[in-house]
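The values are calculated or read from the model by the stated rules, or taken from the named source; none is laboratory data. Everything numeric here is computed off the predicted structure, so don't read it as measured data. Positions of Cβ are generated from backbone atoms using ideal geometry, with glycine treated the same way; all protein chains shown enter the neighbour counts. Side chains are part of the model used for accessible areas, which takes the heavy atoms of the whole protein and leaves out ligands, DNA and RNA. Shrake-Rupley method; radii C 1.70, N 1.55, O 1.52, S 1.80 Å.
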Amino acid sequence: MSREDDRETGEAAARLRAAWERLIAQLQEAREGIDDPKRWPPPATPRNLAEGYRYVLGFLYGSLSRCLGPTAEFPYFVRVIQPLNRSTIDNADATYLAAPIDGRHSYTIRGRAGDTSAWRGKVAPAGRRKAPHYVIFQTPSGYSGDSGSIAELAPGTRANLDVLDSTDLQVDEDGRFEIHLGPTRPEGYFGNFMCTRAVKTRKNREGQDVSREYVAEFVMLRELFYDWENEDLLELFIYRDDRLGEPMPVYTPEQAAKQIEDAGLFTRNQVHFWNEFYAVTLEAYGGKNGAPSRMMPRNDFNKPNAASLATAGGMTTNIYSGGIYELDEGEALIVELNQPVEPEYIGFHLGNMWGESLDFANYQSSLNAFQAHRDPDNVLRYVIAHRDPGVANWLDTTGHREGYMAVRWAYSHKPKEDWPWATARRVPFADIDRHLPQGTARVTPDQRRAAIAVRQEHVQRRYRQH
């Protein structure tokens, strides 16, 4: 080995060690989000602390999956949220995927789905394996939370360049589809296309028009499952058009150091951002300046609102409503979802105070409109309680005395009026039946076990590693 080789090896070793030490320091700062009051953690209990450490490790896991592998030159889809890193008050029905891109270049996504009848408002033939009930692609100019501060929620800091959902996705008879992504639509092309670069104009605080160019950094995908027993994931392949068939460059110390540093930075910033978002934006632990009102009220729901930067992004076709349940052992919460205009998707989910969805494989902590029983008046009624009341639409708190409630109504075309809404009413557990209509669907313990078995099988299949 020459002296030049020795020098380069020494420089690489020093740089990589420095990156590693920075990673460790960033993880220590992320850990502060568990119990440092300045980082807005939930109130400490033995379970909250245990889940807090899991929460931080989950963001590390998610950051590693983002950083170690896919690049904008050689992208592929990774799961950004899954049971190992539940976060951001995630949707139990959704598989969240992302692939890094550089919106100045052109990309192609090839895919294949099961039966897509639901995408056109129809029912699949009996015995057919089905596509996810609802699918949506987005091309955002950034990733929520990466800055580490809710200052990133200010208007104009990020933008979604384009949206394509399953109601508009062109699919062949055998379920195959192709999506082209790029700064401009190719001339004469009328197939699936998503824009990745655009100039957007908005008014600033002084009322002046301000223009800014936005470039997509990711293509994000949500696959929403309704019929957990019979719906399957999409098959997906993404590539940058000018790199298809080329070998990926060999790994370098510079690339490794950046990945190590980014993994630590994203972990720290995501923990700090979401803690601040829950405490300050959602007012989960009290209103601003001691005010009694909160954006996320206790045992009630806030006014429905559309996804935006103010909600830290989210699925652009969603109308959201949320609150926090707070129940003693002898209490229950009866929730009613009203939707005058039927959406493409309705989901209702519980989460802990870290914003992790409750275990949705082994507990019935979520129910979408396909899984739930709907009453003749078109209202979806749920009972949230710490123990099983025998009601079919029971949501299990898994023992959490308090936690998030999240409702999602997905509309490809949002109604101009007659928006959906949610209500909640706290009642004694012994009086649940008095507050439900006659004919409320009930289940036996054996039927409950069978429903959990369906959930367990689906979650293993959705997140299979084999």
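Once you have the Cα-Cα distance between residue 306 and residue 363, take 0.36 nm times their residue separation minus that, and quote the gain in nm to one decimal. Present the calculation step by step, with values, prior to reporting the outcome.
On the way: separation 57, 0.36 × 57 = 20.52 nm, distance 2.88 nm.
Once the chain is fully extended between residue 306 and residue 363, it gains 17.6 nm.
What three numbers, in Å, describe the spread of the alpha carbons of segment 227-382 along their principal axes, ordered from the longest?
Rounded to whole Å, the extents work out to 60, 46, 30 Å.
For the chain, find the longest principal axis of its Cα atoms and tell me its angle to the long axis of helix 253-276, 0 to 90°, nearest 10.
Once rounded, the angle reads 30 degrees.
Along the charge dipole of the chain, pointing to its positive end and built from +1/-1 on Cβ of Lys, Arg, Asp and Glu, which listed residue (251, 454, 333) has its Cα farthest out?
The residue sitting farthest along the positive end of the dipole is 333.
Which semi-axis lengths, in whole Å and largest first, follow from the square roots of five times the eigenvalues of the Cα gyration tensor of segment 1-128? Walk me through the numbers on the way to the answer.
Details: eigenvalues 281, 170, 25 Å².
Largest first, segment 1-128 gives 37, 29, 11 Å.
May I ask for the net charge around residue 21, where only other residues with Cβ less than 12 Å from the Cβ of residue 21 are counted and Lys, Arg are +1 while Asp, Glu are -1? Please list the in-between numbers first.
Working: positive: 15, 17, 22; negative: 261.
Around residue 21, the surrounding residues sum to +2.
Taking the Cα-to-Cβ direction at residue 199 and at residue 12 and moving 7 Å from each Cα, how far apart do the two end points lie in nm?
According to this spin-label approximation, the distance is 4.5 nm.
Cα atoms only: what Rg and Dmax, in Å, come out for segment 317-414?
13.2, 42
Over all pairs of distinct alpha carbons, what does the Kirkwood formula give as the hydrodynamic radius of segment 194-242, in Å?
Mean inverse Cα-Cα distance, inverted, gives 15.1 Å.
Hey, what's segment 118-174 come to in accessible area per residue, 1.4 Å probe, Å²?
Details: 2630 Å² over 57 residues.
On a per-residue basis, 46 Å².
Could you give the C-alpha radius of gyration of segment 1-53 expressed as a fraction of 2.2 N^0.38 Å, taking N as the number of residues it contains? Don't jump to the answer; show the numbers that get you there.
On the way: Rg = 19.2 Å, N = 53, 2.2 N^0.38 = 9.9 Å.
Here the answer is 1.93, to two decimals.
Quick check: net charge around residue 432, other residues with Cβ under 13 Å of its Cβ, Lys/Arg +1 and Asp/Glu -1? Provide the component values of the computation, followed by the final result.
Details: positive: 381, 387, 425, 426, 434, 442; negative: 331, 388, 431, 433.
Charge balance in the 13 Å sphere: +2.
Any idea how far apart residue 438 and residue 255 come out in nm if each label point goes 7 Å out from Cα toward Cβ?
About 7.0 nm, to one decimal.
Suppose we take every Cα in segment 52-203 and form the convex hull; what volume per residue is that in Å³?
Numbers: hull volume 24.1 nm³, N = 152.
Considering the Cα atoms of segment 52-203, their hull volume per residue is 159 Å³.
In degrees, nearest 10, range 0 to 90: what is the angle between the Cα axis of helix 3-35 and the longest Cα principal axis of the chain?
With rounding to tens, the tilt is 20 degrees.
Compute the Kirkwood hydrodynamic radius of segment 229-303, taking the inverse of the mean of 1/r over all pairs of distinct Cα atoms, and give it in Å to one decimal.
Values: mean 1/r = 0.0567 Å⁻¹.
Value: 17.6 Å, from the Cα pair sum.
Quick check: Cα centre of segment 53-105 to Cα centre of segment 336-378, how many Å?
Cα centroid of segment 53-105 versus Cα centroid of segment 336-378: 24 Å apart.
What residues from segment 131-146 fall in the zone where the backbone N is under 19 Å from a label point 7 Å along the Cα-to-C-beta line of residue 102?
Inside the label zone: 139-143.
How long are the semi-axes of the equivalent ellipsoid of the chain, defined as square roots of 5 times the Cα gyration tensor eigenvalues? Whole Å, largest first. Display every interim value, and only then the final one.
Working: eigenvalues 280, 160, 103 Å².
Whole-Å semi-axes of the equivalent ellipsoid: 37, 28, 23.
Per residue and in cubic angstrom, what volume does the convex hull of the Cα atoms of segment 363-466 have?
Numbers: hull volume 15.5 nm³, N = 104.
Cα-based convex hull of segment 363-466, divided per residue, equals 149 Å³.
Could you provide, to the nearest whole Å², the per residue accessible area of segment 338-391 with probe 1.4 Å?
Numbers: 1590 Å² over 54 residues.
Ligands and nucleic acids excluded, the result is 29 Å² per residue.
Looking at segment 203-270, which chymotrypsin sites (Phe, Trp or Tyr not before Pro) are DSSP coil and have at most 11 other C-beta atoms within 10 Å of their C-beta? Show your work: numbers first, answer last.
Details: sites: 214, 218, 225, 226, 228, 237, 239, 251, 266; in loops: 225, 226, 228, 251.
Filter output for segment 203-270: 251.
Helix 445-462 against the longest principal axis of the chain: what's the angle in degrees, Cα atoms only, rounded to the nearest 10?
The angle comes out near 10 degrees.
Just to be sure I understand the model, the point goes 7 Å from the Cα along the line to the Cβ. What's the resulting residue 423 to residue 178 distance in nm?
The two pseudo-label positions are separated by 5.3 nm.
Leaving ligands, DNA and RNA out of it, report the carbon-plus-sulfur percent of the accessible area of segment 412-466 at a 1.4 Å probe. List each step's numbers first, then the result.
On the way: 2030 of 3990 Å².
Solvent-exposed carbon and sulfur of segment 412-466 make up 51 percent of the total.
Which percent of Cα-Cα pairs in segment 310-372 sits in each 5 Å bin, short to long?
Once binned at 5 Å, the Cα pair distances of segment 310-372 give 3, 11, 21, 26, 22, 11, 4, 1.
Take the solvent-accessible surface of the protein heavy atoms, probe 1.4 Å, and return the percent of it on segment 216-308 that carbon and sulfur atoms account for.
Values: 2320 of 4230 Å².
About 55 percent, which is the carbon plus sulfur part of the accessible surface.
What is the list of residues in segment 350-364 whose amide nitrogen lies under 12 Å from a point 7 angstrom out from the Cα of residue 448, following Cα to Cβ?
Residues 363-364 qualify, since their backbone N sits under 12 Å from the label point.
Where in segment 395-420 is the amide nitrogen less than 15 Å from a point lying 7 Å along the Cα-to-Cβ axis of residue 328?
Answer for segment 395-420: 401-402.
For the pair residue 128 and residue 291, what calculated FRET efficiency results from E = 1/(1 + (r/R0)^6), where r is the Cβ-Cβ distance and R0 = 56 Å, to the nearest 0.05?
0.60
Show the residues, 5+ positions off or on another chain, whose built amide H is closer than 5 Å to the amide H of residue 368.
Here the answer is 348, since their amide H atoms fall under 5 Å of that of residue 368.
Looking at the chain, which longest stretch skips every one of the GluC sites (Glu not before Pro) that is in a DSSP loop with at most 11 other Cβ atoms within 10 Å, leaving the sites themselves out? Please report the intermediate quantities before stating the final value.
Details: sites that count: 173, 187, 206, 329, 417.
The longest such stretch corresponds to 1-172.
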